Amino acid sequence: MGRYVIRRLLQMVPVFVGTTFLIFIMVYALGDPVAAMFGDRAPDPATAAAIRHAMYLDHSLPAQYVHYMGQIFTGDFGTAANGQPVTEVMGTAFPVTIRLTLVAFVFEAVIGIALGLLAGLRRGRLADSGVLALTLLVVSIPTFVTGYLLRYFVGVKWGLAHPTVAEGAPIGDLVMPGLVLAGVSLAYVARLTRTSVAENGRADYLRTAVAKGLPRRRVVTVHLLRNSLIPVVTFLGTDIGGLMAGAVVTERIFNIHGVGYQLYQGILRQNPPTVVGFVTILVLIFLVANLLVDLLYAVLDPRIRYA
Amino acid sequence: MRGAKSAKWVVGAAVVALAATACGSGESSDTKAGGSNDGIVRAWWGDPQNPLEPANTNEVQGGKVLDMIFMNLKEYDPRTGKANLEAADSITTTDQQNFTIKIKPNLKFSDGTPVTASSFVDAWNYGALVTNKQLNSYFFADIDGYDAVHPEKEGTAPTAKTLSGLKVVDDHTFTVKLNQKFSTWPDRLGYKAFAPLPKSFFTDHAGYLNKPVGDGPYKVVSYTKGSSMKLVPNPYYTGPSKPKNKGVLLKVYTDSSTAYADLQAGNLDVLDDIPAEDLSHAKTDLNGRYLNQPAGIIQTISFPLNQKAWNAPGMDKVRLGLSMAIDRKTITQKIFQGTRTPAGDLTSPVLGAAGGYSANLAGEATTYDPAKAKALIQQGGGIPGGHMTIGYNADSGSHKQWVDAVCNSINNVLGDNKACVGAPTGTFADFRNQITKGEMKQPFRSGWQMDYPLIDDFLTPLYATGGSSNDSKYSNPQFDALIKQANAEPDTAKAVQTYQQAEKLLFKDMPVIPLWYQNGEAGWSSRVSHVTENAFSYPVFTDITVNNG
């Protein structure tokens with residue numbers, strides 16, 4: 001187990017270096033960040049040169065990358081466009097997005113698995129078709145459409161909730177955006193659970209459990225659900241990264257000043273430290289989430305052992 | 001099961017960690033506005049792109065704050081755009097080159113420290129020095145000694161730290177020597193790059209940027225970067241625009257359409273960036289609490305005159321013909337819902353007739369006349385290569401729609417649906433980069449937002465030889481001579497006439513096609529009244545009153 005974790009951690013190093021390098025190149029390929037600062041005016045060459053020098057832009061791209069990575073390991077992620085250190089921006093943005101992701105994740109896991117279980121246990125009946133129709137509907141409508149519609153009707157027209165999230169992102173304001181963000185994944189979770197439950201429902205060990213006279217509750221929760229959750233957990237784990245990335249759209253619609261918003265600002269203002277810094281952290285989250293998923297398999301299925 | 005057990009621990013720890021971050025940041029609700037009777041105006045804001053220093057702010061969101069917290073030597077009247085003396089008692093000159101500036105006694109910054117002659121002189125010296133990397137330093141280029149503090153060649157170290165043209169005489173007097181005659185120079189002093197700075201700016205720079213201090217109507221009480229800024233009336237302010245409300249809360253929104261939803265739901269009071277998709281119904285949505293008035297912004301299409309194909313003899317006719325082939329009226333109505341006004345010159349209506357604006361200075365050059373346009377283009381030898389593109393940046397603004405409409409208009413006139421197409425560039429930075437390097441081979445969109453409401457600002461930087469924003473690389477010695485003559489003219493009315501003479505040359509040479517003037521819009525909630533906008537399209541915050549507040 002320990003050795004497995006260490007091996008996985010070591011494997012992360014090349015993945016981390018590779019992804020950050022690619023992002024670094026891509027961000028710099030967007031154009032000259034200094035030209036953008038001057039707006040509609042031609043940059044005055046002396047000032048532009050001084051800014052380039054201060055931003056280490058007067059070196060070759062590989063040299064800039066090495067310099068940047070060196071800085072990162074000392075905890076210096078550079079400064080954002082408005083002069084704030086990127087680490088400070090991260091300090092305000094990440095907690096907000098993590099909270100939004102958690103709210104979405106809870107919706108996705110609880111509602112998704114519940115719907116899937118319901119459909120799987122009553123396959124072929126009305127409940128099953130109902131869940132199928134519902135999930136198809138959710139999957140086929142893009143997030144920004146549901147987002148704008150909910151914001152308009154729930155927030156503006158009927159006044160049931162705040163249309164936008166207040167400063168500091170209180171949990172109460174995050175319910176609607178969380179639901180919107182969870183939507184599509186929720187539908188996938190329901191479909192996955194349903195298939196898996198339906199399949200395992202016919203398994204030998206389940207027939208044995210029923211024959212032993214175990215109460216139905218125990219049969220469903222311990223025997224059926226636990227074994228059916230393996231593919232679902234894989235999906236949920238990898239989806240954490242997906243949710244954080246998907247937050248770019250949701251955060252804009254609901255005025256959430258999180259990672260997605262900062263990334264968007266970084267790209268819009270051509271500020272490489274913001275973009276590369278945030279993406280670097282997202283890459284790390286993705287890698288860790290994947291590792292956790294693999295470790296979770298062992299919890300759900302005792303047959304899986306890591307050495 | 002050993003493996004399973006330790007895995008449980010890992011998962012458990014992760015859940016605890018996530019829960020901890022989730023609970024960790026539920027505070028900071030104190031800046032949340034909304035109390036209906038606190039008399040505070042809640043206004044839309046965008047995150048400023050640069051640190052809030054006067055000489056380093058060149059975009060509207062930072063400018064909005066500077067406008068509230070600074071009182072300059074001169075300030076522009078919100079209605080007429082005229083430059084009035086405010087912090088200055090008098091600005092005098094006998095030769096249009098040496099100015100003596102006296103500032104009013106007993107002026108104070110919002111931190112209680114006095115505003116003196118050196119508050120201005122130190123600020124200007126800071127703004128001009130190349131090592132301070134200020135984006136607006138070229139504003140000081142007219143002051144004697146600029147070359148020494150800001151050498152033009154990159155990489156050259158400055159030979160002086162202060163401008164030799166600035167001299168402090170006493171606490172309330174200083175003199176300015178310009179490097180050439182410039183009669184309207186004092187009228188530029190309303191631009192926020194010329195704002196005075198308190199001592200704390202130089203002693204505690206980082207602290208200043210976290211909470212800027214000025215001498216204007218408002219004072220910053222708290223600033224959370226990237227999310228909000230709270231301003232209250234400055235107790236030390238003695239100028240003419242005393243705030244009529246108890247303060248302003250500027251709220252940063254991720255998106256203007258999000259802000260519009262908040263305005264409709266009553267969580268926001270003033271929004272000066274109505275999203276394009278809501279323009280058509282904003283007036284009814286807001287029960288008429290909506291304004292749409294000209295702003296100091298003009299949109300144009302520039303020709304790359306450094307390219308032979310577009311600068312060959314006879315091409316001036318083609319350029320004129322293309323201008324006459326554009327149906328400005330229909331495009332501004334259909335695409336912009338009347339938030340643009342067809343241009344009749346190259347300035348802006350905010351200048352007023354006395355300031356040099358004229359609705360029909362361009363004459364027939366901006367009049368839609370398909371038959372004449374076609375004839376002119378044919379006489380001039382047709383579009384180079386029979387095919388042209390109009391370049392634009394695809395990342396912001398909805399440029400694609402109007403560029404396509406303009407091309408469509410040209411194609412209809414020429415009876416050739418392949419004569420003109422739009423040519424998008426991915427990002428604004430890349431687009432600007434190609435323009436400033438002179439790499440554009442085809443016409444491209446260009447726009448100009450004025451720095452100060454003077455006709456000179458619409459002409460010199462854009463069309464004088466080597467001007468800082470001369471995107472079309474236009475050069476005409478006659479034009480340059482007229483500008484120089486106008487700058488030296490002591491009589492303002494005569495100076496404006498000479499500027500207009502120079503402007504007329506542009507409609508003969510057609511380095512750009514004037515398209516339309518952009519309007520400023522604002523919508524507001526029923527909680528506030530007296531919302532107006534000044535020439536810069538900033539809401540006049542000092543005039544806004546909060547109902548029953």
- request: Filter the range B:247-256 down to residues that are at the interface with chain A (Cβ under 8 Å from one of its Cβ atoms) and not charged (D, E, K, R) and give me whichever is farthest from B:D215 (Cα to Cα).
  value: B:T254
- prompt: Looking at B:L52, B:L85, which one is open to solvent by less than 20 Å² (accessible area, probe 1.4 Å) and either touching a strand residue (DSSP E or B) at 6+ places or on another chain (Cβ under 6 Å) or modelled with pLDDT of 90 or more (or both)?
  reply: B:L52
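Looking at the range B:88-115, which of its residues are closer than 30 Å to B:A157 by Cα and either touching a Phe, Trp or Tyr at 6+ places or on another chain (Cβ under 9 Å) or buried (at least 20 other Cβ atoms within 10 Å of the Cβ) (or both)? Write out each step before concluding.
Going through the range B:88-115, the residues closer than 30 Å to B:A157 by Cα turn out to be B:97-99.
Result: B:Q97, B:F99.
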message: Looking for something under 14 Å from B:I101 (Cα atoms), assigned to a helix (DSSP H, G or I), in contact with a strand residue (DSSP E or B) (Cβ under 8 Å, 6 or more places away or on another chain) and among the hydroxyl-bearing types (S, T, Y) - is there at least one such residue anywhere in the range B:162-178?
response: no
Subset of the range B:269-282 [surrounded by fewer than 19 Cβ atoms within 10 Å (Cβ to Cβ), under 21 Å from B:F536 (Cβ atoms) and touching a residue at least 24 places away in the same chain (Cβ under 8 Å)]: B:A276, B:L279
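I'd like to verify a number: residues in the range B:231-272 that are in a loop (DSSP other than H, G, I, E, B), within 27 Å of B:K74 (Cα to Cα) and not aromatic (F, W, Y), how many?
The initial filter retains those residues of the range B:231-272 that are in a loop (DSSP other than H, G, I, E, B), namely B:234-246, B:253-255, B:265-269, B:272.
Imposing the further condition that a residue be within 27 Å of B:K74 (Cα to Cα) reduces the set to B:234-246, B:272.
Subset that is not aromatic (F, W, Y): B:234-235, B:238-246, B:272.
Count: 12.
Can you find a residue in the range B:300-308 that is in a helix (DSSP H, G or I), free of Cβ contacts under 8 Å to residues at least 60 places away in the same chain and surrounded by fewer than 20 Cβ atoms within 10 Å (Cβ to Cβ)? Full working, then the answer.
As a first pass, look at the range B:300-308 and keep what is in a helix (DSSP H, G or I): B:308.
Adding the requirement that they be free of Cβ contacts under 8 Å to residues at least 60 places away in the same chain leaves B:308.
Restricting the remaining residues to those that are surrounded by fewer than 20 Cβ atoms within 10 Å (Cβ to Cβ) gives B:308.
Yes: the range B:300-308 contains one or more residues that are in a helix (DSSP H, G or I), free of Cβ contacts under 8 Å to residues at least 60 places away in the same chain and surrounded by fewer than 20 Cβ atoms within 10 Å (Cβ to Cβ).
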field: Residue, surrounded by the most Cβ atoms within 10 Å (Cβ to Cβ), within the range B:508-535, restricted to residues that are in contact with a helix residue (DSSP H, G or I) (Cβ under 8 Å, 6 or more places away or on another chain) and among the acidic types (D, E)
entry: B:E521
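Restricting to the range A:28-38, and then to whatever is assigned to a helix (DSSP H, G or I) and at the interface with chain B (Cβ under 7 Å from one of its Cβ atoms), can you tell me which residue is farthest from the chain's Cα centre (by Cα)?
First, pick out the residues of the range A:28-38 that are assigned to a helix (DSSP H, G or I): A:28-29, A:33-37.
After this cut, where a residue has to be at the interface with chain B (Cβ under 7 Å from one of its Cβ atoms) as well, the list is A:33, A:35-37.
Working: A:P33: 28, A:A35: 33, A:A36: 30, A:M37: 31 Å.
Within the range A:28-38, the match that is farthest from the chain's Cα centre (by Cα) is A:A35.
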message: Six or more apart or on different chains, Cβ atoms under 7 Å: show the pairs whose first residue is in the range A:75-86 and open to solvent by less than 20 Å² (accessible area, probe 1.4 Å) and whose second is among the charged types (D, E, K, R).
response: A:N82/B:D47; A:N82/B:K225; A:Q84/B:K225
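Conditions (1) more than 12 Å from chain A (Cβ to nearest Cβ); (2) modelled with pLDDT of 95 or more; (3) at positive phi, marked per residue:
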{"site": "B:G62", "(1), (2), (3)": "no, no, no"}
{"site": "B:I69", "(1), (2), (3)": "yes, yes, no"}
{"site": "B:Y76", "(1), (2), (3)": "yes, no, no"}
{"site": "B:T80", "(1), (2), (3)": "yes, no, no"}
{"site": "B:Q97", "(1), (2), (3)": "yes, no, no"}
{"site": "B:F109", "(1), (2), (3)": "yes, yes, no"}
{"site": "B:F120", "(1), (2), (3)": "yes, yes, no"}
{"site": "B:H150", "(1), (2), (3)": "no, no, no"}
{"site": "B:G155", "(1), (2), (3)": "no, no, yes"}
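Yes/no matrix, rows are residues, columns are (1) within 11 Å of another protein chain (Cβ to nearest Cβ); (2) more than 21 Å from A:G237 (Cβ to Cβ); (3) more than 22 Å from the chain's Cα centre (by Cα); (4) assigned to a helix (DSSP H, G or I):
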site: A:I111; (1), (2), (3), (4): no, no, no, yes
site: A:G124; (1), (2), (3), (4): no, yes, yes, no
site: A:A127; (1), (2), (3), (4): no, yes, yes, yes
site: A:A133; (1), (2), (3), (4): no, yes, yes, yes
site: A:V175; (1), (2), (3), (4): no, yes, no, yes
site: A:G178; (1), (2), (3), (4): no, no, no, yes
- prompt: Considering only residues of the range B:470-507 that are in a loop (DSSP other than H, G, I, E, B) and among the polar types (S, T, N, Q), which is surrounded by the most Cβ atoms within 10 Å (Cβ to Cβ)?
  reply: B:S472
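Residues that are in contact with a Leu (Cβ under 6 Å, 6 or more places away or on another chain), at least 1 per element: which strands (runs of 3 or more DSSP E) completely within the range B:72-140 meet that? Steps first, please.
Details: elements: B:74-76, B:83-85, B:88-93, B:98-103.
So the answer is B:74-76, B:88-93.
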- prompt: Any residue in the range B:283-292 that is open to solvent by less than 40 Å² (accessible area, probe 1.4 Å), touching a Pro at 6+ places or on another chain (Cβ under 9 Å) and assigned to a loop (DSSP other than H, G, I, E, B)?
  reply: no
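Residues are listed down the side, and each one gets a yes or a no for (1) facing chain A (nearest Cβ under 10 Å); (2) of a type outside the set (A, V, I, L, M, F, W, C):
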{"position": "B:P217", "(1), (2)": "no, yes"}
{"position": "B:V220", "(1), (2)": "no, no"}
{"position": "B:K225", "(1), (2)": "yes, yes"}
{"position": "B:Y236", "(1), (2)": "no, yes"}
{"position": "B:P240", "(1), (2)": "no, yes"}
{"position": "B:N245", "(1), (2)": "no, yes"}
{"position": "B:T258", "(1), (2)": "yes, yes"}
{"position": "B:D262", "(1), (2)": "yes, yes"}
{"position": "B:D269", "(1), (2)": "no, yes"}
- request: Determine whether the range B:251-259 contains at least one residue that is at pLDDT below 95 and of a type in the set (F, W, Y).
  value: yes
query: Of all residues in the range B:411-456, which are under 26 Å from B:K372 (Cα atoms) and at the interface with another protein chain (Cβ under 8 Å from one of its Cβ atoms)?
result: B:S446
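Conditions tested, residue by residue: (1) surrounded by 16 or more Cβ atoms within 10 Å (Cβ to Cβ); (2) in a loop (DSSP other than H, G, I, E, B); (3) at positive phi.
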{"residue": "A:R3", "(1), (2), (3)": "no, no, no"}
{"residue": "A:P14", "(1), (2), (3)": "no, no, no"}
{"residue": "A:T20", "(1), (2), (3)": "yes, no, no"}
{"residue": "A:M26", "(1), (2), (3)": "no, no, no"}
{"residue": "A:D40", "(1), (2), (3)": "yes, yes, no"}
{"residue": "A:A46", "(1), (2), (3)": "yes, no, no"}
{"residue": "A:R52", "(1), (2), (3)": "yes, no, no"}
{"residue": "A:G70", "(1), (2), (3)": "no, no, no"}
- prompt: In the range B:183-208, what residues are at pLDDT 90 or above, surrounded by fewer than 23 Cβ atoms within 10 Å (Cβ to Cβ) and over 21 Å from the mean Cα position of the chain (by Cα)?
  reply: B:K199, B:S200, B:F201, B:F202, B:T203, B:D204, B:H205, B:A206, B:G207, B:Y208
task: Among the numbered conditions (1) open to solvent by less than 10 Å² (accessible area, probe 1.4 Å); (2) under 25 Å from B:A259 (Cβ atoms); (3) not hydrophobic (A, V, I, L, M, F, W, C), tell me where B:G165 comes up short.
output: (2)
query: Restricting to the range B:401-425, what's the tally of residues that are outside any strand (DSSP E or B) and open to solvent by less than 50 Å² (accessible area, probe 1.4 Å)?
result: 11
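Looking only at residues in the range B:365-400 that are of a type outside the set (V, I, T) and in a strand (DSSP E or B), which one is farthest from the other protein chains (Cβ to nearest Cβ)?
It comes out as B:M388.
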message: Restricting to the range A:158-171, count the residues that are open to solvent by 10 Å² or more (accessible area, probe 1.4 Å), within 20 Å of the chain's Cα centre (by Cα) and more than 7 Å from every other protein chain (Cβ to nearest Cβ).
response: 1
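The values are calculated or read from the model by the stated rules, or taken from the named source; none is laboratory data. Worth saying up front: this structure is predicted, and the values here are computed from it rather than measured. We place every Cβ from the backbone using ideal geometry, glycine too, and count neighbours over all the protein chains shown. The protein model used for the area step is the full one, side chains on, heavy atoms only, and it has no ligands, DNA or RNA in it. Shrake-Rupley method; radii C 1.70, N 1.55, O 1.52, S 1.80 Å.
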